[in-house]
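Undergrad: Have a look at this one.
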Amino acid sequence: MTLIKSISGIRGTIGGKVDESLTPLDIVKIVTAYAIQRRRVSNLPSNAIVLGRDARISGDMVHMIVCGTLQGMGFDVINIGLATTPTTEIAVTMSEACGGIILTASHNPRQWNALKLLNEKGEFLTAEEAHEIVIMAEQTNLFEYADVDSLGKYYKDLSFGQKHINLVKNLELVDIEAIRNAHFKVALDCVNSVGGIILPNLLKQLGVEKITSLYADPTGNFGHNPEPLEKNLTDIKNLMKLGDHDLAFVVDPDVDRLAMICEDGTMYGEEYTLVTVADYILQNQRGNAVSNLSSTRALRDVAARYGATYTPAAVGEVNVVTKMKETGAIIGGEGNGGVIYPAAHYGRDALVGIALILTYLAKKKMKLSQLRATYPDYQIVKHRIDLQPEMDIDTILQSVKEHFKKEKVTDIDGVKIDFPTAWVHLRRSNTEPIIRVYAEAATEQEANDLAENVINQVMALAK
């Protein structure tokens, strides 16, 4: 069993012992600490907290515990039901709530669940705020619950899915007429979660001519490994190979990541979701671009085409958002298919990505594979090192940094080594007990060779 506490919230497997997995008591402690933290923030718009969840089979249980704990702390709860992460984020500001909690473990398998914690802007808490909550959750002597006359109220509002769609449709750079005139035939893989509820509705309202959905029933029994990687997408790729659709969109269980499949069944490349959206945005609006350190160099190249400044950020949505605000970026995100477009809101949003890509594709009058060919063809590989108890990760990363000191090294988040035509990035995962090792080069073989060389160095240093 596993329990992980990080800037991404608290995440773990269901069942097991307290403090070792995501148990009811762990949920109560974190939610209580979050409520205390929210109470300490000044000038909050209200006493309400938005609660949304993906379709995981543990969702009902976790939802009831979170809801009861918030009411027990004197906070009103706005339950928006089965909802995407970006829907929950915009619901916080639309309802003038003081925060929000999303019940989702993103791409993790069905036995996992998590609590993602939002501030009053519908954005993830800072690392400092998240750390404060983790510490406070163990200080149960600070816990004081409301008396019977001060309990929070409960509201249910299932309107935010349509409000989210309306927000997307009304974006200046979304052209519904162009999409309708393109007569798109689109396939979806919604991995038996909330994408199956909202994405068909979005596509219908955007004027897509034909929609075919795989794994659309939101049962939480995922039809395949829920991370939208090529090895997990055999069914949707085979559907596309039949030649009846123009493109396919694939999302994770909470719909903040977006992958695409071309008309011939080949992967577009999850890294290039953000690159494509940025290409369209930067052609039409002046501003800068940001992505995290583990994302493709292609975004830097696209930004340069339009005289925009590209800036890297530490991994984690909150870090990317912070850097975007600092640099005046009008587009940003992460190479895992996470598109952040501030004209909509400061959060990764697959709905926004879908609408902008369909618009761009309609205007370009290209097949998706042809559009992909217009971008630099970097190959990125993703490896991992499973952590052992005896490993001193900080010492290992410092040794790697010292070993490659003659290269360009960035250490704002782990260690990234930039070579003239390639890079490799090592960092401790926020969500799993591993070191992630990402590498990018002109070919997959070069990237794998680079990653394996650095992994061998790490293992040697760990002995």
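The values are calculated or read from the model by the stated rules, or taken from the named source; none is laboratory data. Here the structure is a predicted model, which means the values were calculated and not measured. Cβ sites come from the backbone with ideal geometry, for glycine too, and all protein chains shown count toward neighbours.
Undergrad: Is at least one residue of the range 67-81 modelled with pLDDT of 95 or more and under 16 Å from P218 (Cα atoms)? Can you show your working first?
TA: Going residue by residue through the range 67-81, those that are modelled with pLDDT of 95 or more are 67-81.
Applying the additional criterion that residues be under 16 Å from P218 (Cα atoms) yields 80-81.
Looking through the range 67-81, at least one residue is modelled with pLDDT of 95 or more and under 16 Å from P218 (Cα atoms).
Undergrad: Among strands (runs of 3 or more DSSP E) lying entirely in the range 1-59, which contain 1 or more residues that are within 20 Å of S429 (Cβ to Cβ) and either modelled with pLDDT of 95 or more or out of contact with any Ser or Thr (no Cβ under 9 Å at 6 or more places or on another chain) (or both)? Before you say what the answer is, go through the steps one by one.
TA: Details: elements: 3-6, 9-13, 48-53.
In the range 1-59, the matching strands (runs of 3 or more DSSP E) lie at 3-6, 9-13.
Undergrad: Right, another one. Taking the range 409-430 as the search range and keeping residues that are in contact with an Asp or Glu (Cβ under 9 Å, 6 or more places away or on another chain), buried (at least 20 other Cβ atoms within 10 Å of the Cβ) and more than 15 Å from E446 (Cβ to Cβ), which one is modelled with the highest pLDDT?
TA: Filtering the range 409-430 for residues that are in contact with an Asp or Glu (Cβ under 9 Å, 6 or more places away or on another chain), buried (at least 20 other Cβ atoms within 10 Å of the Cβ) and more than 15 Å from E446 (Cβ to Cβ), the one modelled with the highest pLDDT comes out as H425.
Undergrad: A follow-up question, please. Given the conditions (1) assigned by TED's automatic domain parsing to the domain that holds G52; (2) surrounded by fewer than 20 Cβ atoms within 10 Å (Cβ to Cβ), which single one is not true for L173?
TA: Against the list (1) assigned by TED's automatic domain parsing to the domain that holds G52; (2) surrounded by fewer than 20 Cβ atoms within 10 Å (Cβ to Cβ), L173 comes up short only on (1).
Undergrad: Of everything in the range 1-19 that's out of contact with any helix residue (DSSP H, G or I) (no Cβ under 9 Å at 6 or more places or on another chain) and of a type in the set (D, E, K, R), which residue is surrounded by the most Cβ atoms within 10 Å (Cβ to Cβ)? Quick ask: steps written out before the conclusion?
TA: Of all residues in the range 1-19, those out of contact with any helix residue (DSSP H, G or I) (no Cβ under 9 Å at 6 or more places or on another chain) come to 1-2, 4, 11, 13, 15-17.
Right, trim to of a type in the set (D, E, K, R) and you get 11, 17.
Details: R11: 23, K17: 11.
Within the range 1-19, the match that is surrounded by the most Cβ atoms within 10 Å (Cβ to Cβ) is R11.
Here is a yes/no grid of residues against (1) part of a strand (DSSP E or B); (2) buried (at least 22 other Cβ atoms within 10 Å of the Cβ); (3) of a type in the set (A, V, I, L, M, F, W, C); (4) out of contact with any helix residue (DSSP H, G or I) (no Cβ under 8 Å at 6 or more places or on another chain):
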{"residue": "Y280", "(1), (2), (3), (4)": "no, no, no, no"}
{"residue": "T311", "(1), (2), (3), (4)": "yes, no, no, no"}
{"residue": "G332", "(1), (2), (3), (4)": "yes, yes, no, no"}
{"residue": "I354", "(1), (2), (3), (4)": "no, yes, yes, no"}
{"residue": "S369", "(1), (2), (3), (4)": "no, no, no, yes"}
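Undergrad: Another question, then. I'd like to know if the range 67-87 contains one or more residues that are without any contact (Cβ under 8 Å) to a residue 60 or more places away in the chain, surrounded by fewer than 22 Cβ atoms within 10 Å (Cβ to Cβ) and within 21 Å of P24 (Cβ to Cβ). Full working, then the answer.
TA: The first filter runs over the range 67-87 and keeps only residues without any contact (Cβ under 8 Å) to a residue 60 or more places away in the chain, leaving 68-69.
Narrowing the set further to residues that are surrounded by fewer than 22 Cβ atoms within 10 Å (Cβ to Cβ) leaves 68.
With the extra rule that they be within 21 Å of P24 (Cβ to Cβ), the set shrinks to 68.
Within the range 67-87, one or more residues are without any contact (Cβ under 8 Å) to a residue 60 or more places away in the chain, surrounded by fewer than 22 Cβ atoms within 10 Å (Cβ to Cβ) and within 21 Å of P24 (Cβ to Cβ).
Undergrad: Mind listing whichever residues of the range 371-402 are β-branched (V, I, T) and either more than 21 Å from E452 (Cα to Cα) or assigned to a loop (DSSP other than H, G, I, E, B) (or both)? Steps first, answer last, please.
TA: First pass over the range 371-402, keeping only residues β-branched (V, I, T): 374, 380-381, 385, 393, 395-396, 400.
Hit for the range 371-402 is T374, nothing else.
Undergrad: Is there a residue in the range 349-370 that is on the phi > 0 side of the Ramachandran plot and more than 18 Å from the chain's Cα centre (by Cα)?
TA: Of the residues in the range 349-370, the ones on the phi > 0 side of the Ramachandran plot are 365.
Keeping just the survivors that are more than 18 Å from the chain's Cα centre (by Cα) gives 365.
Yes - at least one qualifying residue is present in the range 349-370.
Undergrad: Run V275 past the list (1) part of a helix (DSSP H, G or I); (2) farther than 29 Å from T234 by Cβ and report the number of the one that doesn't hold.
TA: For V275, the exception is condition (2).
Undergrad: Additional query: Which residue pairs have Cβ atoms under 9 Å apart, sit 6 or more places apart or on different chains, and have a first residue in the range 126-145 that is farther than 17 Å from E20 by Cα and part of a helix (DSSP H, G or I) and a second that is of a type in the set (K, R) and at pLDDT below 90?
TA: Correct list of pairs: A130/K5; H131/K5; I133/K5.
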